[in-house]
Amino acid sequence: MPTPIIEPRPRGLSRVRRAAVESVSGLPRQFWWLWTSTLVNRLGSFVATFLALYLTVERGYSASYAGLVGAVYGLGGVISSVGAGVLTDRLGRRPTMLAAQLATAASVALLGFMTDPVAIAAVAGLVGMASNASRPAVQAMMADIVAPKDRVRAFSLNYWAINLGFAISSTAAGLIAEHGYLALFLGEATLVLACALVVFCKLPESRPEVGGAADAPADAAGAERVSMLTVLRDGRFMTVVGLNLLLALLFQQAYVSMPVSMGRAGFSSADFGLVIAVNGVLIVLLQIPVTRFIEHRSPAMLLIGSALLAGYGFGLTALAGSVAMYAVAVAVWTLGEIINSPTQMGLVVRLSPLHGRGRYQGMYALSWSVASLTAPLLGGTVIDHYGADVLWAGCAAVGTVAALGYGLLLRNLPERAAGSGAAAADTGKADTTTAGAAAAGAADADGADTDVADAGTADGCVGTGRGEMPSNR
């Protein structure tokens, strides 16, 4: 009897290589062009990071004025989030992205030449509006072109690109600024134009056509057209937006309240730089492997766990008395961020109707914009009146409230909306990928979920034709 041949288990580099291949395989080519545009865009994200230093060091303005300009920048993002969501649904994903990116390049370059304080604040508001306007379109297009079972992985890869680009740009910006801050403004404008070029040449429109086959089930059920009022009346979705706002308020404390708290405790800016670098390094190293572990698990438990990690990670800051302990606290809430980002985006997609993805994404993005505007004010007020320890204890409480909210919300969700990765299987219909068309998934009982995927290719410039890819967001 012949001895059976036992295949050796892959070890070391071979296992890492196989895991890497599995993490990036199966996604349509168009997704990778979208991913590339995101990376290029983030590689040039100089201005928002160094705007306060530019105003106080280069221009000699006060810290209060720099804070005011930062608030105006954030206000611009608040205004554009909803408007860009509407444009994403009405005009399409590609036109909205191109308009936002061209406006960003022009306004960023203009900001570098402004010297009057009123003009600087006004143009900074325009930069905030333009730079945030592409987010709903990017997220909606990603849902259009990626199969439901792969969306958590796709969102994770996109988030990884954002942080990788930010880590590189932050390092490069310091070197570029030595040759003058104007080079930062012009450099960002150039890279944003490069991002727009990728979108123009490689990304066809993906917005589903109203009245097409993809939305026939919804039409047959008498589904209403989606407006912003529809979004506001969607209590389930608005609860998700509210819970995300709580977590966003926590994560924003890392860039305002934590450096203030560390400064008052006698730590230097170099110490803070070392501590906050832990966040970027861990995301770059762990985002993809953690996503492989969580992508087919219950989003309810993941969101509850991520909220607790975020809340108590910031809560640990109250106990920090050394750089190492601050780094431990950052590591804890960073793990919560790594888990939360792709899982939350997957939930937003499932709760959004087919032809309302842009509006729903705009409202979701609004929660982040509001957090970036209000978190510095809340954190500063609490620290000034009650002390930093109260702020960090409050963060732990907020994380607990968010976790309870997710638990109550997701307990009552339909199985399809609460499922994690295998959305197509939930309806008994597998997603079918073809070269130029998309297969339609079954609609939810409430018309809130229609899954369609497309892996159409995008060779050549988009001006030669359209590639409609109906899907769910």
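The values are calculated or read from the model by the stated rules, or taken from the named source; none is laboratory data. Just so you know, these numbers come straight off a predicted model, no measurement behind them. Note that we place each Cβ from the backbone using ideal geometry, even for glycine, and neighbour counts take in every protein chain shown. For the accessible areas, the whole protein counts, side chains as well, though only heavy atoms, and no ligand, DNA or RNA atoms are used. Shrake-Rupley method; radii C 1.70, N 1.55, O 1.52, S 1.80 Å.
Filtering the range 157-168 for residues that are of a type in the set (S, T, N, Q), buried (at least 19 other Cβ atoms within 10 Å of the Cβ) and part of a helix (DSSP H, G or I) leaves a non-empty set. Is it the case that some residue within the range 404-411 is open to solvent by less than 50 Å² (accessible area, probe 1.4 Å), in contact (Cβ under 8 Å) with a residue 24 or more places away in the chain and closer than 18 Å to Phe314 by Cα? No: zero hits.
Output yes when any residue across the range 106-116 is assigned to a helix (DSSP H, G or I) and closer than 22 Å to Tyr364 by Cβ, and no when none is. Checking the range 106-116: not a single residue is assigned to a helix (DSSP H, G or I) and closer than 22 Å to Tyr364 by Cβ. Within the set Val240, Val231, the sole residue that is in a helix (DSSP H, G or I), modelled with pLDDT of 90 or more, open to solvent by less than 40 Å² (accessible area, probe 1.4 Å) and over 15 Å from Val40 (Cα atoms) turns out to be Val240. Looking across the range 260-271 at every residue that is touching a residue at least 12 places away in the same chain (Cβ under 8 Å) and either open to solvent by less than 40 Å² (accessible area, probe 1.4 Å) or among the hydroxyl-bearing types (Ser, Thr, Tyr) (or both), the one that is farthest from Ser322 (Cα to Cα) is identified as Ser261. Among residues of the range 39-55 that are among the charged types (D, E, K, R), none has a beta-carbon under 6 Å from a residue that is open to solvent by 20 Å² or more (accessible area, probe 1.4 Å) and not in a helix (DSSP H, G or I) at least six positions away or on a different chain. The set of residues in the range 141-153 that are more than 19 Å from Val40 (Cα to Cα) and either open to solvent by 20 Å² or more (accessible area, probe 1.4 Å) or hydrophobic (A, V, I, L, M, F, W, C) (or both) comprises Ala143, Ile145, Val146, Ala147, Lys149, Val152, Arg153.
Being touching a residue at least 12 places away in the same chain (Cβ under 8 Å) and farther than 30 Å from Met363 by Cβ: is that true of Ile162 here?
So Ile162 does not fit the description; no.
Sort through Leu347, Leu354, Leu366 and tell me the only one that's at pLDDT below 90, over 30 Å from Ala265 (Cα atoms), in contact with a strand residue (DSSP E or B) (Cβ under 8 Å, 6 or more places away or on another chain) and crowded, with 21+ Cβ neighbours inside 10 Å. One residue alone meets the criteria, Leu354.
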